[in-house]
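Just so it is clear, none of the values below were taken in a lab; they were calculated from the coordinates. Given the structure is predicted, the values throughout are model-derived calculations rather than measurements. We place every Cβ from the backbone using ideal geometry, glycine too, and count neighbours over all the protein chains shown.
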Amino acid sequence: MKELILVRHGKSSWEYSAADKDRPLLERGIEDGYLVSGAFKAKSPGIDMVFSSPANRAFHTCMIVLRTINFPLDRCRITEALYDFSGESVMKFVRGMDNNLDRVMIFGHNHAFTHVANQWGNQSIANVPTTGLVHLQFDVDDWGEIERGTTFQKIFPKHLK
């Protein structure tokens, strides 16, 4: 069985004249990161590896979550493939992952994560919100064989407030 945990980056700031990859999280994004990761930690399964988009807002969200769940930072990698807004690059990346990894968490962006959650999950999600977490399970042993799976859990900040 393969499991994919999608986490969209936290609410980011448009206040600064910064490149898209450099936009920081807003205070709300930081707070939601702690909120969602705390809820996830309460029922979190063991994770084999974590991958993050190189965008500041995604990687900052990633660091908040990993520190909260006490995940070793040496099992986290930044990958350009997750700096994707359509979902095609994300899906290609996931299908190419090492089959020795069974449970993987990735940090990235919308509309990519909403697209992936709807393509591969069995629940319709109108929008994965900022700091939204969607946990998908697949009854396969090879990442390359992923098609439709089960939406195992969703943790959205608004449901925790």
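The table below gives the values:
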item: Alpha carbon centroid spacing (whole Å) that separates region 106-144 from region 25-94; result: 13
item: Ascending count of other beta-carbon atoms within 10 Å, so fewest first, for Glu80, Glu31; result: Glu80, Glu31
item: Highest-fluctuation residue, Tyr16, Tyr34, Tyr83 considered, GNM on the chain with Cα pairs under 10 Å; result: Tyr16
item: Scaled radius of gyration (Cα, divided by 2.2 N^0.38 Å) that the chain gives; result: 0.95
item: Of the trypsin sites (Lys or Arg not before Pro) in region 7-106, those whose Cβ has at most 12 other Cβ within 10 Å and which sit in DSSP loop; result: Lys43
item: Per-residue ³J(HN,Hα) for region 97-113, Karplus 6.51 cos²θ - 1.76 cosθ + 1.60, θ = phi - 60°, Hz, x for Gly and Pro; result: 5, 4, 6, 6, 8, 9, 10, 10, 10, 10, 10, x, 10, 9, 7, 4, 6
item: Amide H contacts of Ser52 (H built 1.01 Å from N, under 5 Å, at least 5 apart or other chain); result: Arg77, Ile78, Thr79, Phe107
item: Fewest-first sequence of Met1, Met63, Met91, Met105 by Cβ atoms within 10 Å of each Cβ; result: Met1, Met63, Met91, Met105
item: Under 21 Å from Lys154, Cα to Cα: lysines that are on another chain or at least 8 residues apart; result: Lys2, Lys11, Lys41, Lys43
item: Estimated vicinal HN-Hα couplings, Hz - region 19-33 in sequence order (Karplus 6.51, -1.76, 1.60; Gly, Pro = x); result: 4, 3, 5, 9, 4, x, 6, 7, 4, 4, x, 5, 4, 5, x
item: Average Cα contact separation per residue, region 1-158, under 8 Å, 6 or more apart, as relative contact order %; result: 33
item: Packing-based exposure ordering (other Cβ within 10 Å, fewest first) of Leu4, Leu35; result: Leu35, Leu4
